[in-house]
Amino acid sequence: MLLADSSNDLNWTVLLPVVAGGLAVWYMLPSTKRRPMVFGALVGLIALAGLAAFLVSGFGDTIPQTVEAGLFFGFSGLAVAFATLMITGRNPARSALSFAIVVLSTCGLFLLLAAPFLMAATIVIYAGAIIVTFLFVIMLSQQEGPSSADLRSREPDLAVVAGFVLLASLLVGLERVYDWRNVDSAIVHAQRVADAESVDRDYLSPLPPMENMGSPIPLTKKAEEFLGEMRTALNRVKVAAPRTAEDRRLTDHRLVQEIENAITGLKISAFKHHDVEAIQTNCETIAKGLTRLRNLRNGSATFEDVVRSEHGEVKPIGNGPKQLPAANVSAIGRTLFSDHLLAIELAGTLLLVATVGAIAISRRERKAS
Amino acid sequence: MISLPHYLTVGAVLFVLGLIGFLTRRNLIVMFLSAELMLQGVALNFVAFSRAHGNLHGQVFALFIIAVAACEAGIALAMFLMLYRKKRSLDISLWQALRDPGLEETRDLVPLPAEPKEEPLPVLSVSGIEPARKERDHA
């Protein structure tokens, strides 16, 4: 199972931003009670800090103090803060302007993600066209200030609970899928045992006295812990059990099988019979296999050898995963008009139909007299 | 390093905020803006995956999202204008005759609190000599 490890369940890094954010949004939503805004702003700041802490520590990689990290945190903080202001504002015109700031911050994130064309298109279409049209409609329709509908909200308790429970499950899911810390520590542990000159006494079962030679020998506590750690890491990196006999020959399942055999070998004989050479070979197998599987899973595998997968043999394609270059505007045009030609024609047709539809809907009916 | 899950987290937060806004607010325009906010979160996910996989298909998807959002905005604003002409308000609960059968009508039972009285602006009393007016000012 992919999510078999229990080391990172619902913890404070997830709970703090979710609970504080839920409280802040619930408090700031329009209601018939007049609430002072100071409390909402304070809890909202706590939630933002919690979100930043989750981003810094949740996925196990260290955040370097670079310009990219600063820009990422600045843009995402702006986007989240102004999104909150947008959904809680009493004045629709202010909501529209907050949405403009959210769109601009998202465009900054697009630029960090090497999407310059998308950034320009979003600024022109969203911040330029759509929001200005919204402002026109607001000015046409609401000339007498905030209406009673803007000062009330519908089922705020249930909506906030539903939304933030969804957010908590998304965050826990992301943390479980992208956090490789326990696999990494297992690899380091196995490698340490494999490289050591002699095996620590704590791992080796004490030899039984002469008279009951035939009785089963228990594993030591340290050895049990070691094997448990290896099993957890293996459950984390293996995706599914092989279904057919053919599946067993795939690189993936072969690696999993090798690691399982090594763990079983350690458990059944090597730790009990003080076989140092077998312990070191098995630990070496475990460390190598886990490293390879983790790299295949998180996309950093370098495919220097031929891999057998369900779709046939995968040949090596070069060193490491490809990096998307930042100057990719001409490439996006090529992709649009070669791979997605039908889709782009359909999108054009959709725009035409929408234009005709908008004109047809908003036409004033002539009074039949 | 700032990697894929960081952007996915921000996308998830934007999506959830848009969801809450869509469920709670009663102004048609704010509801529509909330739906657009959800689309922004999804577009951010697409672009982040595009970057992580090293190809451009995610960005193409995000472009289609923008195209569909523009169509949606055109149609929705035309409809809002028509709805506004009928009821002279953008309140969504004026249209609750369209709700599912068997659902109760929502009524605003709690009255809104009174607006706080605004302090009247200070008025300076007239002092000094009033300048003489010309005859044609009175005429």
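Here, each number is a calculation from the coordinates, and none is a lab measurement. This structure is a prediction, so every number in the text was calculated from the model and none was measured. Reconstructed Cβ throughout: ideal geometry from the backbone, glycine too, with neighbour counts over all protein chains shown.
What the table below lists for this structure:
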quantity: Total charge dipole magnitude, the protein assembly as shown, about the Cα centre, Cβ charges on Lys, Arg, Asp, Glu only, Debye to nearest 20; calculated: 1840
quantity: Shielding by partners - mean other protein chain Cβ count within 10 Å, residues of B:39-48; calculated: 5
quantity: Farthest positive-ward along chain A dipole, Cα basis, beta-carbon charges - from A:43, A:66, A:360; calculated: A:360
quantity: C-alpha long axis of helix A:92-112 to longest principal axis of chain A, angle in °; calculated: 40
quantity: For residues of B:98-110, the mean tally of beta carbons on other chains within 10 Å; calculated: 1
quantity: Cβ-defined net charge surrounding residue A:27, 13 Å radius [Lys, Arg +1; Asp, Glu -1]; calculated: +2
quantity: Where labels lie 7 Å past Cα in the beta-carbon direction, separation of residue A:38 and residue A:207 in nm; calculated: 7.7
quantity: Relative contact order for chain B, counting Cα pairs under 8 Å that sit 6 or more residues apart, in percent; calculated: 19
quantity: About the Cα centre, charge dipole magnitude for the stretch A:60-173 (Lys/Arg +1, Asp/Glu -1 at Cβ), debye; calculated: 200
quantity: Principal-axis tilt of helix B:4-24 within chain B, Cα atoms, nearest 10 degrees; calculated: 50
quantity: Total lysine pairs under 18 Å (Cα atoms) in the protein assembly as shown, excluding pairs fewer than 8 apart on one chain; calculated: 7
quantity: Residue order, fewest to most beta carbons within 10 Å, for A:174, A:51; calculated: A:174, A:51
quantity: Cα-based shape type of chain A, given that a ≥ b ≥ c are square roots of the gyration tensor eigenvalues and the cut on a/c is 1.5; calculated: prolate
quantity: Length gained when the stretch residue B:130-residue B:93 is fully extended (0.36 nm per residue, less Cα-Cα span); calculated: 7.6 nm
quantity: Residues A:272, B:134 arranged by fewest to most Cβ contacts within 10 Å; calculated: B:134, A:272
quantity: Longest to shortest principal axis, alpha-carbon extents of the stretch B:4-93, angstrom; calculated: 51, 24, 9
quantity: Cα long-axis angle, helix A:67-88 against chain A (0 to 90 degrees, to the nearest 10); calculated: 50
quantity: Per-peptide average of other Cβ atoms within 10 Å, ordering B:120-127, A:353-360 highest first; calculated: A:353-360, B:120-127
quantity: Cα gyration tensor, the stretch A:12-178 - rounded (a/c under 1.5), prolate or oblate; calculated: oblate
quantity: Assigned charges on the beta-carbon of Lys, Arg, Asp, Glu; the stretch B:9-139 dipole about Cα centre (debye); calculated: 320
quantity: Ranked B:16, A:276, criterion: other C-beta atoms within 10 Å, fewest first; calculated: A:276, B:16
